[in-house]
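One structure is given here, and the rest of the page talks about it.
The values are calculated or read from the model by the stated rules, or taken from the named source; none is laboratory data. Small disclaimer: the values here were computed from a predicted structure and weren't measured. Every residue, glycine among them, receives a Cβ derived from its backbone with ideal geometry; neighbour counts consider all protein chains shown. For the accessible areas, the whole protein counts, side chains as well, though only heavy atoms, and no ligand, DNA or RNA atoms are used. Shrake-Rupley method; radii C 1.70, N 1.55, O 1.52, S 1.80 Å.
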Amino acid sequence: MEQSLQPSAPDSRRAFIEKVSSAVFAGLALNGVKLGAEEKTNTMPASGLPPMPASPFQLSEHVDQDVLIRMQAELERTMKKPFKERRWGMVIDTRKCTGCSSCTVGCVMENKLPPGVVYRPVINEERGTYPDVARTFTPRPCMHCEDPGCTPVCPVEATYKRADGIVVIDYDVCIGCRYCLTACPYQARTFDFGEHWTDNAAKGADGALALTEARAYQNPPNFEYGKHWERSEGLIPGSPVGNARKCTFCTHRLDQGMLPMCVSTCVGRATFFGDLNDPKSLVSELAGQANAKVLKPEAGTQPQVFYLS
Amino acid sequence: MNRNAKILWAIWALLALLGGIGLIERLFLGHRLAAYTSYVPWGMWVAAYIFFIGLSAGAFLLSSLVYVFGVHKLERIAKLALFVAATTLVMSLLTIWFDLGHMERNYEVFTRPHFHSMMAWMVWLYSAYFALLLGELYYALRRDMKSLSAEAIREDDRKLKRLATIGIPLAIAFHGGVGALFGTVSARPFWNSPIYPIMFLVGALLSGGALMTFIVASFWPDKDEAWLDLLQFLGKIVLGFLLFDLLLEWAEFSIPLWYGVGPEASLVKYVLFGPFWYVYWVVHILLGVAVPIYLLAAKRDAKSINLASALVAVTFFAIRLNLVIPGLVTPELKGLENAYVDPIGNHLSYHYVPSFFEWQILMGVVALGIAIFYLGRRHLPLVPNSTSHEVSK
Ligand code: SF4
Ligand code: SF4
């Protein structure tokens with residue numbers, strides 16, 4: 001077993017203290033007994049307590065690793081598996097979320113979201129009455145439900161759940177009826193009304209110039225689902241204008257071996273992403289904890305985004 | 001033209017003009033001027049669509065009373081009812097077509113059928129219904145447009161009866177389906193109710209019957225004894241459906257409201273006592289129920305029936321608005337309303353009041369409906385003994 005390759009955590013910690021104590025406090029006795037002696041004899045310690053039994057639990061091999069490094073490695077591992085055997089999921093630790101909205105902004109930038117379209121807003125709730133208040137932050141991506149409410153209603157099957165668990169929308173097919181918007185219990189879908197961030201901007205003397213500059217910035221395509229999407233309005237709108245839109249778990253980034261943008265930009269290291277089919281993945285570990293819950297379980301859609309609180 | 005006619009024409013021209021401008025805006029600016037949002041994704045157009053399509057189903061079922069069940073009393077209005085059904089169907093399809101984000105892709109409902117989707121079923125069923133309506137109109141009208149042998153007329157009658165017989169389950173299925181379109185959405189507690197398909201059918205019969213009554217009362221060529229008799233018969237039908245609809249509404253509202261706890265109760269309270277309370281109490285209950293009941297039950301003269309049926313038909317739109325919008329106005333997750341906003345178009349809001357642009361499209365559709373009706377009434381033999389000059393009055 002690989003466990004045997006690693007020193008058990010209590011052992012290593014003790015060894016560490018021993019090292020420190022021998023270097024700094026050399027010759028000093030703690031309660032009359034030297035730590036090293038206690039380690040060796042393992043008899044009745046000076047405190048009078050019985051010895052600690054050897055713990056069956058061990059800290060994970062990843063204890064010293066940044067979660068992003070770990071998730072990155074796991075992502076590469078998962079992408080080597082056949083498509084059908086992956087099952088992407090997310091865990092959000094609301095205790096670590098600082099409510100900074102870096103994930104929202106990262107997502108807006110990554111997917112060039114126009115005004116009115118948002119994939120991952122952070123719900124900011126204040127509880128209690130002033131001055132006895134507490135705040136909770138709940139980022140809300142698409143839950144990529146196991147049994148989604150949004151997909152069966154679509155009249156043209158433009159939206160469906162892929163074998164790897166990601167619920168997608170085919171922008172080339174969606175007729176923009178917005179039935180799916182009504183059928184999602186999390187309101188994770190928004191409609192692209194064809195707005196631009198510059199619409200109300202730059203009305204002054206330099207308006208025209210500012211607009212050309214800004215438009216040059218806003219016009220390049222976005223790369224959702226690994227394609228080029230050039231939004232445009234008019235008689236036949238250029239998708240995704242006129243379509244339902246939502247979080248894609250950044251499929252285009254996954255295909256390039258990158259974590260979803262919101263995971264990368266999360267300041268509090270509060271968002272975890274990976275393969276729920278992989279029992280050794282961080283998300284599987286976290287989603288299996290007793291405090292892992294889903295939002296609105298009564299909706300019955302079996303979200304694949306879990307919240308720790 | 002007398003003065004009244006001139007005023008009516010002026011109103012129509014205004015509707016058509018504003019509608020035309022709205023149409024251009026819709027085609028080139030898409031949905032940007034609409035006030036519905038990503039959180040209240042369906043607005044007045046969807047309400048108008050189910051309103052018009054209900055009128056169509058109701059008028060059609062009325063005509064079927066003649067063609068299938070041989071209710072002779074209504075025989076004289078059967079063709080007119082068919083034509084009204086076709087006109088309102090065109091109005092409804094147009095309205096919902098404008099509501100699509102990609103109007104050019106509507107054919108996909110046929111080329112990429114999704115058999116699980118209630119919306120797909122609804123589209124297929126009303127397409128079949130449209131074809132059937134045109135067929136019925138053809139066989140009902142052609143005998144008056146060219147001379148046919150007695151044998152040919154009998155043959156047409158047989159075909160009519162066959163089509164109308166298929167039409168009854170079809171109309172019930174598609175309009176029940178419109179109700180199910182809402183009733184099946186479990187994410188929306190206000191809609192998610194098994195009573196919806198039935199309510200939609202009763203509502204269709206009520207609103208469609210009222211519209212036919214109003215049309216017969218207003219545009220009939222010979223306002224004689226037989227006409228008054230017919231009108232009173234129609235008035236009774238409308239009154240009956242009005243009371244039945246009220247009963248269903250009581251069931252729909254009183255159950256969640258009784259203990260007043262739960263998500264649906266707060267939505268019903270929103271309808272009854274929310275910011276748009278007057279839509280329910282004034283438009284629906286006072287003008288759409290109380291006044292018509294009084295006129296239909298106590299007065300019963302031609303003028304009263306005319307007014308009552310007009311009131312019922314028009315205010316039924318309020319019922320439709322009160323069905324679509326309240327299902328959508330509360331956040332599915334608390335706090336979502338403040339989580340992220342749209343500073344440009346305000347399309348991430350839970351507050352919905354139709355914009356003028358949305359009204360414009362509706363005006364255009366109504367103007368078109370009036371035009372179709374006017375032309376049909378003028379050039380097709382829809383009512384017995386009519387001549388074109390009588391019509392233009
Ligand atoms: S959260 Fe909503 S949009 Fe996402 S899969 Fe579930 S039902 Fe569909
Ligand atoms: S908006 Fe698009 S994805 Fe949603 S139900 Fe309609 S066609 Fe399907």
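Give, rounded to the nearest 20 debye, the magnitude of the charge dipole that the protein assembly as shown has about its Cα centre when Lys and Arg contribute +1 at Cβ and Asp and Glu contribute -1 at Cβ.
Numbers: 63 positive and 60 negative charges, 214 e Å.
It works out to roughly 1020 debye.
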> Expressed as an acute angle from 0 to 90° and rounded to the nearest 10, what is the orientation of the C-alpha long axis of helix B:225-257 relative to the principal long axis of chain B?
Replying inline: 20 degrees
> What FRET efficiency, computed as 1/(1 + (r/R0)^6) with R0 = 35 Å and r the Cβ-Cβ distance, is obtained for residue B:28 and residue A:213, rounded to the nearest 0.05?
Replying inline: 0.90
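If you take all C-alpha pairs in chain B, what percent of them are over 33 Å apart?
On the way: 25188 of 77028 pairs.
That fraction is 33 percent.
Report the gain in length on full extension from residue B:9 to residue B:254: 0.36 nm times residue separation, minus Cα-Cα distance, nm rounded to one decimal.
Values: separation 245, 0.36 × 245 = 88.20 nm, distance 4.44 nm.
Computed gain between residue B:9 and residue B:254 is 83.8 nm.
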> How many percent of all Cα-Cα pairs in the protein assembly as shown sit more than 37 Å apart?
Replying inline: 50 percent
>> Contact order normalised by length for chain B, with contacts defined as Cα pairs under 8 Å and 6 or more residues apart; what percent is it?
In response: 31 percent
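Just to confirm, what accessible area per residue do you get for the protein assembly as shown at 1.4 Å probe, in whole Å²? All intermediate terms of the calculation are to be shown ahead of the outcome.
Values: 32490 Å² over 702 residues.
For the protein assembly as shown, the per-residue accessible area is 46 Å².
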> Summing -39500 (n - 2.57) over the DSSP H runs of n ≥ 4 in chain B and dividing by its residue number, what mean residue ellipticity at 222 nm do you reach, to the nearest 500 deg cm²/dmol?
Replying inline: -23000 deg cm²/dmol
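Net charge within 14 Å of residue A:218 by Cβ-Cβ distance, Lys/Arg positive one each and Asp/Glu negative one each, not counting residue A:218 itself?
Details: positive: A:112, A:215, A:231; negative: A:192, A:195, A:199, A:213, A:230, A:233.
Cβ neighbours under 14 Å give a net charge of -3.
Compute the FRET efficiency between residue B:350 and residue B:97 as 1/(1 + (r/R0)^6), taking r as their Cβ-Cβ distance and R0 = 35 Å, and round to the nearest 0.05.
The calculated FRET efficiency here is 0.85.
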> Once label points are set 7 Å from the Cα along Cα→Cβ at both residue B:165 and residue A:69, what is their separation, rounded to one decimal in nm?
Replying inline: 8.0 nm
> Of B:228, B:298, B:345, which is farthest along the charge dipole of the protein assembly as shown in the positive direction, counting Lys and Arg as +1 and Asp and Glu as -1 at C-beta?
Replying inline: B:228
>> Using the Cα centre of the stretch B:245-378 as the reference point, and only Cβ charges (+1 on K/R, -1 on D/E), how large is the resulting charge dipole? Debye, rounded to the nearest 20.
In response: 660 debye
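Regarding the stretch A:65-308, what's the average projected area of the Cα-atom convex hull, expressed in nm²? Show your work: numbers first, answer last.
Values: hull surface 64.6 nm².
Taking a quarter of the hull surface, the average projection is 16.1 nm².
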>> Threshold 40 Å², probe 1.4 Å: give the residues of the stretch B:3-28, in number order, that are less accessible with all protein chains present than with their chain alone.
In response: B:27, B:28
> Which of the listed residues, A:242, A:115, A:284, is farthest toward the dipole's positive end in the protein assembly as shown, when Lys, Arg count +1 and Asp, Glu count -1 at the beta-carbon?
Replying inline: A:242
> Is the shape of the stretch B:136-228 rounded, prolate or oblate, going by the alpha carbon gyration tensor and its root eigenvalues a ≥ b ≥ c, with a/c under 1.5 for rounded and a/b larger than b/c for prolate?
Replying inline: oblate
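Counting pairs of alpha carbon atoms under 8 Å apart in space and at least six apart in sequence, what relative contact order in percent does the stretch A:228-309 give? Walk me through the intermediate numbers first.
On the way: 69 pairs, mean separation 9.9, N = 82.
Averaging sequence separation for qualifying contacts and normalising by length gives 12 percent for the stretch A:228-309.
Would you work out what percent of the accessible area of chain B, with all protein chains in place, is carbon or sulfur (probe 1.4 Å)? Write out the running numbers ahead of the final one.
Details: 11800 of 16850 Å².
The computed percentage sits at 70.
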>> Is there a quick way to get the dipole size of the stretch B:125-280? I mean about its Cα centre, with the Cβ of Lys and Arg at +1 and of Asp and Glu at -1; what is the value in debye to the nearest 20?
In response: 380 debye
>> Along the Cα→Cβ direction, 7 angstrom out, place labels at residue B:236 and residue B:287. What is the inter-label distance in nm?
In response: 3.0 nm
> If you line up the long axis of helix B:356-379 against the longest principal axis of chain B, both from Cα atoms, how many degrees apart are they, to the nearest 10?
Replying inline: 10 degrees
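Round to the nearest 0.05 the FRET efficiency obtained for residue B:158 and residue A:83 when R0 = 51 Å and r is the Cβ-Cβ distance. If you can, show how the numbers build up before the last one.
On the way: r = 58 Å, r/R0 = 1.15.
The computed FRET efficiency comes out at 0.30.
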> For the stretch A:65-308, what is the relative contact order in percent, using Cα pairs closer than 8 Å and at least 6 residues apart in sequence?
Replying inline: 32 percent
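Please compute how much accessible surface disappears when B pairs with A, both sides summed, using a 1.4 Å probe, and round it to the nearest 100 Å². Numbers along the way, then the final one.
On the way: alone 19040 and 17900 Å², together 32490 Å².
Separately minus together, B and A give about 4400 Å² buried.
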>> Skipping prolines and chain starts, which residues have an amide H placed within reach, meaning under 5 Å, of the one on residue A:273, given they are 5 or more residues away or on another chain?
In response: A:91
> Which net charge results for the neighbourhood of residue B:332, defined as the other residues with beta-carbon distances under 15 angstrom from its beta-carbon, given Lys and Arg at +1 and Asp and Glu at -1?
Replying inline: +3
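Carbon and sulfur together cover what percent of the accessible area of the stretch A:128-280 at a 1.4 Å probe radius? Walk me through the numbers before you get to the answer.
Values: 3340 of 5930 Å².
In the stretch A:128-280, the share of accessible area belonging to carbon and sulfur is 56 percent.
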> Among B:54, A:226, A:104, whose Cα sits farthest toward the positive end of the charge dipole of the protein assembly as shown (+1 at Cβ of Lys/Arg, -1 at Cβ of Asp/Glu, about the Cα centre)?
Replying inline: B:54
>> Per-residue Cβ counts within 10 Å, from other chains only, averaged over A:191-199: what number is that?
In response: 6
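Under 11 Å from the Cβ of residue A:110, count the other residues' Cβ atoms, weight Lys and Arg +1, Asp and Glu -1, and hand me the total. List each step's numbers first, then the result.
On the way: positive: A:112, A:120, A:253; negative: A:224.
Once positives and negatives cancel, what remains is +2.
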>> Can you compute the modelled spin-label distance between residue B:138 and residue A:109, with each label point 7 Å from Cα toward Cβ, in nm?
In response: 6.3 nm
